[in-house]
Amino acid sequence: MGWQGKSNFMILHFFTWQQFLVAAVIFTVAWYAVIFFLFFRGKITAKLPGKSKQPERIRREWDDELEDYPDEEDDLIGKQSLPDGISEVEAHLLGFAPKEREHEDVDDRETQLGVVPDVLEELKTIFHILENEGGTAEDFVSLFGMVKAKYPGIRNTPNEAAINEYIRENLPFDISDDQLANLWN
């Protein structure tokens, strides 16, 4: 049957751990040396004696004609200017003015992002009910009382006038100015 019937792992039986570790260290050092020379060959050749640090520029026929023109480093266009109204400042000079508030008890950002859209959705539901049921101005005032109780933060804000205008445009019937003015009271 001979050696052909035996496993290939029997060959590893002939190596000692010391021989294996020496071979592994040699191959590892060789691998990293090859990688080092591949990545840093430009820097290594630049430091060798006899090599000039800057490559010599090739002269072409038209170079004599271009000697009077500025170098590539010179900017022919000039420095880029910033658009009107924009200036560059250092980070420590940058600051923001405090937010001016007309109504200290109401956070305007929260009102605009959360409460006003919620009120408008409630009003759409009321408009839909009034339209389907044939509601009157008195029905609207009673249904609006729930909205007023649920969102008291809208009263006496700049958004109140916009919501009143929205109500006037979307109600299925006309509403008087007195009724509209008294909605939030």
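The values are calculated or read from the model by the stated rules, or taken from the named source; none is laboratory data. From a predicted model like this one, the values you see are computed outputs, not experimental measurements. Virtual Cβ from ideal backbone geometry, glycine too; neighbours counted across all protein chains shown.
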**OP:** Working only within the stretch 130-159, note down all residues that are surrounded by 15 or more Cβ atoms within 10 Å (Cβ to Cβ) and among the acidic types (D, E).
**Re:** D139
Original post:
Would it be correct to say that I58 is surrounded by 10 or more Cβ atoms within 10 Å (Cβ to Cβ) and either of a type in the set (V, I, T) or at pLDDT 70 or above (or both)?
Top reply: no
**OP:** Tell me, please, whether a residue that is within 30 Å of P98 (Cβ to Cβ), among the small types (G, A, S) and out of contact with any helix residue (DSSP H, G or I) (no Cβ under 6 Å at 6 or more places or on another chain) can be found in the stretch 111-129.
**Re:** yes
Original post:
Residue check, N164 against (1) farther than 13 Å from V116 by Cα; (2) without any contact (Cβ under 8 Å) to a residue 24 or more places away in the chain; (3) not basic (K, R), all met but one. Which one?
Top reply: (1)
**OP:** Check off (1) in a loop (DSSP other than H, G, I, E, B); (2) at pLDDT 85 or above for N132 and give me the number that stays unchecked.
**Re:** (1)
